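Below is one structure, written out as structure tokens; comments come after it.
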Amino acid sequence: MLRLLHLSAPLLARSALKRKSFMSIILFFLVICWRAAASIAWAVLLLPPSTAIFVILSKFSVLHPIQTISECFSMLTSATAIFSFILLCGVIIMVGFLNFEYYTVIPTIACSKIALFGQLLHPRQLVNSLVHCIMGMIVAWCSAVTIGFRYETLGHPCAQTDGYHQMCLNEYHLILLLGGAFVGFSHSLLGVIHNMNYVSFHTVQQYKYLRFKGCLPLVVKCSATQALYSVRNFIVVYYFLGYIPRTWICKTLNLHLGSSAHPLDSIAGLLDLSLLYHLWISATFLLFTWYITLLLFRIFLTEGYSFPVQSSFTEDADHCLPKVLTEKQPMILKFLALQDLALLSQHSPLRRCEVFSLSQPGGHPHNWNAISKECLSLLADLTQRLVAYHDTVATNGRAKSLSSGSERKTSSETSDFMSPRPTSPLTAPFTPDLDSPFMSPALRRLAAPVEQGSPWYGTVQSPHIMRRVKNFLAKRVLIVYLFNKLPEASSQALFADSQAHIWALEGLSYLVQASFSEDQFGVVQTTLPSILSCMLVLQEAVDRHFKLPHASSKPVRSTSSMGDSTYKTLRFALRATLKTAIYRITTTFGDHLNAVQLSAEHRKRLQQFLEYKE
Amino acid sequence: MFCFSTYIPKPAHTVMRKHGDSPVICDLAVPKWLSMSSGCILALLQWVSSFHGSLFPHLTVSSLCSSEDMIAEFSQVLNWSDCVVRAFAWHPHTDKFAVALLDDSIKIYNPKSATTPTLKHRLQRNVAVVQWKPLCASALAVGCQNCLLVWHVDPCSLSTRPSAGCAHVLSHPGHAPVTSIAWSPSGSLLVSASPMDTAMMVWDVAAESCVPLQRVGGGGVTFLSWSPDGSHVLASTPSALFRVWETRMWTCERWPCIKGRCQSGCWSPDGSRLLFTVQDEAVIYSLTFTNTPAAVPSGTSKGPHAAVVVADLSETTFSTPDGDIIVGGEIQSLAWDPRGERLAVLLKGDPRAADRSPIIAVFKTRVSPIFELLPWFSRYLMLLLMFSLCSQCWSSGRITHVPFYFLSASIPRLGLSGSPTLPHVQERPADFANQSLFTEFIS
């Protein structure tokens, strides 16, 4: 365990620069690093059973079941097995460390294909892919050694015609190694595409063991299907390009190609069922161990953490909920604090009591003030972001329609291209850029297809020019493909961090509900008008946003992927939570709300809620 | 027109034995050792299969009947398959209700508006249960044969036929038919149950994601009831076992019954007491739950060790001026009013005897400081039961609302009580008001 913590030291040092408070580093270290380390330790502990199952499955033969078992036993106790097992442990620790290094609680949503390519070609991501590639190869080597048989070594002695012994290349070993590397690489790529590094929080709290048990069948299914697809793709690639690594290996290691009947990059060579099975089972094993590590990491990281609401010692004040809530970095601590707020407001009367309590001496409701202020600022931030987005969309359409005729043709498209600059530091880096160099109006005009009414049509007649135009257009089609915005992506990007807002809404509304009977000093009453108006303004902004095209279209859910697609539906969850939160307050207070000072417009809106007409 | 479902499920092991009971071994030229050993293997197989049947009763259930029969069997509605009204739900906060009809449509009635929206969807078949989402004006969850639908019916809309786009389909492989659903009182989660699925689904409706909660034993899940304070969920199974889930960390307590499966159950408003009935028994049991302070991180509730019988509803004859009437028998469903002052019990009656029609018995109850249960009045021929104003749905499709005027014993809690507050005018003359049936003293 010490070694694991030592590994994460550089990370801590780097993030320490961003953080002001030394205490939050300690808290980060205590909570997050410890959780990451524990998840990696569990993943390593789970390695022996999964390896044993892999050995049995890979060596199983229907005709000789007894022999299989004895072989497995002798295999598991051999020196090479122990060595490869140690290697596998190293790989798991590395995977766990990469999970920890690359995880995010706010997904990065690519709004166009080009942004996605940008993500894939980011140096950080390239390093990730390379490391995964190497690790895939290591795991494949381990599985090759484990399977034994014809896969065991890279070279084997073969007799030439002149009787002189020399080393030949064992292509079966090579194909397994390359397969492992390919699967590792595609795992890393798919990780970006499916946002596999995104860690979502569950609404249903469960103990870690039960959650793990519940997710295990999904992991098995995902790894088996993903392995199947990856192996299929690998075989296609190997069929066309397999000779390159083969000749390269032969040259560098001075091996001969051997005189085997079928080279493996032929159809006959690849149609070997046993080879395909071993490729698939080793890919499944590889993905399974990695997915398990990822799953454990997610489960450990998102487990609820109970922060103290207030502390009697001043040195612990930085660990308290109101303080942690207001910290900007690291994001995961803020999220854990918000989750804890939502849970305590719902389930813990004792801790709610601490929130409503007054400071001693002084008699100020510091806890409630800090919590409500932070939640309200989060909500106001979202409102502002939504309004800004709506304004951008609206003004774009109008500004373009006022300009020249040729511009007007593209205005509808332009508004699709356009999306806001992220106003909050919470939003991800790859949200669309308004002032991206690629987004010049000239290019946009070029990107628009030639229309019948345009001066281009009819004047260009000669075949030579036509061909040039065609080439030109083909390039433009590619550009349109790359730059065209993915539908609803901007909407998803706007609500990428909405889990925080959902908790803020839940926390506030439950606390307000509880204050009806539990708040002895009336501390909540002072902020009730601002809470209500903040929620109503947000409600209006959200309603307006959902009237935009693509905003209310439901995304297609994929169940057979380890990538978490919760972020795709966060905006719906936010809308539902917001409505429920307002109803929770109106149902609790009923007609007493008439005594709360509100603007006439908000009062009218609130009346709708009181009459259950929203 | 009044007719009863005559379907009686056979015990699992007898059915299994019937299937395996065909040892066709011809007498000619069969060595004795062969017949002996095959007999042994057959016996072993039968034993294993009976074991299988008792482990996974839901599989047996599925082999016995179609999903329609299954809904009829596990629905809270008496005689579901022929009843014109198949499901009924009051809105928890305002005066409107939804009725699911035999033709798979759902109508929403609101006394304040002239329009009655009719909800139809191609997936909405054999509706077993409907329920309104709490803390929301528009969402209505519908449990059907193949999936779960959540309708969003805009209360201000004048349209009488909301489009299918207003419904969200929630489905999970193997989770059908849905026979019971329950919203969390905070409106954030929805649980659904199917007798065919050993897992109970907890849905995050907005995100359309679900978490299956599964435990060994019992088979599927047939009936769900969420306690009004949100802390517990009752989940009964087709076998003699039910579970009480605690909703903070979603752990459960197993409650094996002695006789049959748990047929119905309801919670007191504060979630501290569960009343439930068991199939083939004419008694109401009670379980008390003490809510541990939630600051304790364990999250497990320390429950009682055994259920107590609080009411015995076995058949009793009363002589009235019109002649003797027989009241009592097996219980179909229970409903407790949101303030915990009246408990309605739907008694099945006996379909073969003409004078033994289904009856609703109403008890006057008190939850605190001590639990009290007193008989109040009874009414005949009801099929479906729903509290608020006590609403009774008849097999003919008629829905009767019986306004209960009673003086509330406690000071009504402001705003929190869900039912429309009724003017308390007079106490209804109760038949057996003086007769104390059950009083429990809490030390």
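The values are calculated or read from the model by the stated rules, or taken from the named source; none is laboratory data. Predicted model, so just to flag it, every value in this text is computed and none were measured. When we count neighbours, we look across all protein chains shown, and the Cβ atoms used for this are built from the backbone with ideal geometry, even at glycine.
Among the residues making up the stretch B:78-97, those that are more than 14 Å from every other protein chain (Cβ to nearest Cβ), closer than 27 Å to B:Thr115 by Cα and among the hydrophobic types (A, V, I, L, M, F, W, C) are B:Cys83, B:Val84, B:Val85, B:Ala87, B:Phe88, B:Ala89.
So if I check each of B:Gln332, B:Gln392, which one is within 20 Å of B:Val84 (Cα to Cα), buried (at least 21 other Cβ atoms within 10 Å of the Cβ) and at pLDDT 75 or above?
Details: B:Gln392 fails: at pLDDT 75 or above.
The match here is B:Gln332.
Within the stretch A:508-529, track down each residue that is touching a Pro at 6+ places or on another chain (Cβ under 8 Å) and not in a loop (DSSP other than H, G, I, E, B). Answer for the stretch A:508-529, where residues must be touching a Pro at 6+ places or on another chain (Cβ under 8 Å) and not in a loop (DSSP other than H, G, I, E, B): A:Ala514, A:Glu518. Selection of the stretch B:208-251 for residues being surrounded by 20 or more Cβ atoms within 10 Å (Cβ to Cβ), within 13 Å of chain A (Cβ to nearest Cβ), part of a strand (DSSP E or B) and hydroxyl-bearing (Ser, Thr, Tyr) yields only B:Ser209.
Just one of the listed residues (B:Pro11, B:Pro111) is of a type outside the set (Asp, Glu) and at pLDDT below 80, namely B:Pro11. Take the residues in the stretch A:209-231 that are over 11 Å from A:Ile292 (Cα atoms) and small (Gly, Ala, Ser), then tell me which one is farthest from the other protein chains (Cβ to nearest Cβ). Here the answer is A:Ser230. Of the residues in the stretch A:562-571, none is within 13 Å of chain B (Cβ to nearest Cβ), surrounded by fewer than 17 Cβ atoms within 10 Å (Cβ to Cβ) and in a helix (DSSP H, G or I).
Would you call A:Thr293 over 33 Å from the mean Cα position of the chain (by Cα) and in a helix (DSSP H, G or I)?
On the way: over 33 Å from the mean Cα position of the chain (by Cα): no; in a helix (DSSP H, G or I): yes.
No; evaluated as a whole, the condition is false for this residue.
Surrounded by fewer than 21 Cβ atoms within 10 Å (Cβ to Cβ) and of a type outside the set (S, T, N, Q): does that describe A:Asp340? In short, no.
Checking every residue in the stretch A:249-256 against the condition of being crowded, with 20+ Cβ neighbours inside 10 Å, touching a residue at least 24 places away in the same chain (Cβ under 8 Å), in contact with a Gly (Cβ under 7 Å, 6 or more places away or on another chain) and not in a helix (DSSP H, G or I) gives at least one match. Summed over the stretch B:342-357, the residues that are closer than 26 Å to B:Trp226 by Cα and surrounded by 22 or more Cβ atoms within 10 Å (Cβ to Cβ) give a count of 5. Quick check on my filter: what residues within the stretch A:35-48 are touching a residue at least 12 places away in the same chain (Cβ under 8 Å), part of a helix (DSSP H, G or I) and of a type outside the set (Ser, Thr, Tyr)? Result: A:Arg35, A:Ala36, A:Ala37, A:Ala38, A:Ile40, A:Ala41, A:Trp42, A:Ala43, A:Val44, A:Leu47, A:Pro48. Just one of the listed residues (A:Leu548, A:Leu505, A:Leu532, A:Leu538) is under 27 Å from the mean Cα position of the chain (by Cα), in a helix (DSSP H, G or I) and away from every other protein chain (no Cβ under 14 Å), namely A:Leu538. For B:Cys262, the stated conditions do not hold, so it cannot be described as more than 10 Å from every other protein chain (Cβ to nearest Cβ), out of contact with any Asp or Glu (no Cβ under 6 Å at 6 or more places or on another chain) and at pLDDT below 90.
Just a yes or no: is a residue in the stretch A:488-500 of a type in the set (S, T, N, Q), away from every other protein chain (no Cβ under 14 Å), surrounded by 21 or more Cβ atoms within 10 Å (Cβ to Cβ) and touching a helix residue (DSSP H, G or I) at 6+ places or on another chain (Cβ under 7 Å)?
Here is the first cut: in the stretch A:488-500, the residues of a type in the set (S, T, N, Q) are A:490-492, A:498-499.
When the remaining residues are screened for being away from every other protein chain (no Cβ under 14 Å), the result is A:490-491.
Of the ones still in play, those that are also surrounded by 21 or more Cβ atoms within 10 Å (Cβ to Cβ) are A:490-491.
Those still in the list that are touching a helix residue (DSSP H, G or I) at 6+ places or on another chain (Cβ under 7 Å) too: A:491.
Checked the stretch A:488-500: at least one residue is of a type in the set (S, T, N, Q), away from every other protein chain (no Cβ under 14 Å), surrounded by 21 or more Cβ atoms within 10 Å (Cβ to Cβ) and touching a helix residue (DSSP H, G or I) at 6+ places or on another chain (Cβ under 7 Å).
Out of A:Thr161, A:Thr153, one residue alone is in the same structural domain as A:Leu241 (by the TED database), at pLDDT below 75 and among the β-branched types (Val, Ile, Thr). It is A:Thr161.
Matching residues to (1) free of Cβ contacts under 8 Å to residues at least 24 places away in the same chain; (2) part of a helix (DSSP H, G or I):
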position	(1), (2)
A:Pro263	no, no
A:Thr284	no, yes
A:Asp316	yes, yes
A:Lys334	no, yes
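Only a single item in (1) out of contact with any Lys or Arg (no Cβ under 6 Å at 6 or more places or on another chain); (2) under 30 Å from A:Ile332 (Cα atoms); (3) modelled with pLDDT of 75 or more is not met by A:Ile479, and it is number (2). Residues in the stretch B:189-207 that are under 21 Å from the mean Cα position of the chain (by Cα) and outside any strand (DSSP E or B): B:Leu189, B:Ser194, B:Pro195, B:Met196, B:Asp197, B:Thr198.
Please work out if A:Ser200 is touching a helix residue (DSSP H, G or I) at 6+ places or on another chain (Cβ under 7 Å) and part of a loop (DSSP other than H, G, I, E, B). Yes. From the list A:Leu338, A:Leu333, A:Leu350, A:Leu344, the lone residue that is closer than 28 Å to A:Phe516 by Cβ, at pLDDT 90 or above and in contact with a Ser or Thr (Cβ under 9 Å, 6 or more places away or on another chain) is A:Leu344. Being surrounded by fewer than 18 Cβ atoms within 10 Å (Cβ to Cβ), more than 30 Å from A:Ala337 (Cβ to Cβ) and touching a helix residue (DSSP H, G or I) at 6+ places or on another chain (Cβ under 8 Å) is a property that A:Phe73 lacks.
Out of the residues in the stretch A:591-614 meeting the condition of being closer than 19 Å to A:Thr527 by Cβ and free of Cβ contacts under 8 Å to residues at least 60 places away in the same chain, tell me which one is surrounded by the most Cβ atoms within 10 Å (Cβ to Cβ).
Our first condition is that a residue be closer than 19 Å to A:Thr527 by Cβ; within the stretch A:591-614, this holds for A:592-599, A:602-603, A:605-606, A:609.
With free of Cβ contacts under 8 Å to residues at least 60 places away in the same chain added as a condition, the list becomes A:592, A:594-595, A:603, A:609.
Details: A:His592: 13, A:Asn594: 12, A:Ala595: 9, A:Arg603: 16, A:Phe609: 21.
Looking at residues that are closer than 19 Å to A:Thr527 by Cβ and free of Cβ contacts under 8 Å to residues at least 60 places away in the same chain, I get A:Phe609.
When we screen B:Lys112, B:Lys133 for residues that are of a type in the set (Lys, Arg), touching a Leu at 6+ places or on another chain (Cβ under 9 Å) and within 14 Å of chain A (Cβ to nearest Cβ), the only hit is B:Lys133.
Listed residues B:Ala176, B:Ala164, B:Ala199; which is of a type outside the set (Ser, Thr, Tyr), buried (at least 19 other Cβ atoms within 10 Å of the Cβ) and within 14 Å of another protein chain (Cβ to nearest Cβ)?
On the way: B:Ala176 fails: within 14 Å of another protein chain (Cβ to nearest Cβ); B:Ala164 fails: buried (at least 19 other Cβ atoms within 10 Å of the Cβ).
Only one candidate passes the filter, namely B:Ala199.
Inside the stretch A:572-612, residues that are within 7 Å of another protein chain (Cβ to nearest Cβ), in a helix (DSSP H, G or I) and farther than 27 Å from A:Ala493 by Cα make up a count of 6.
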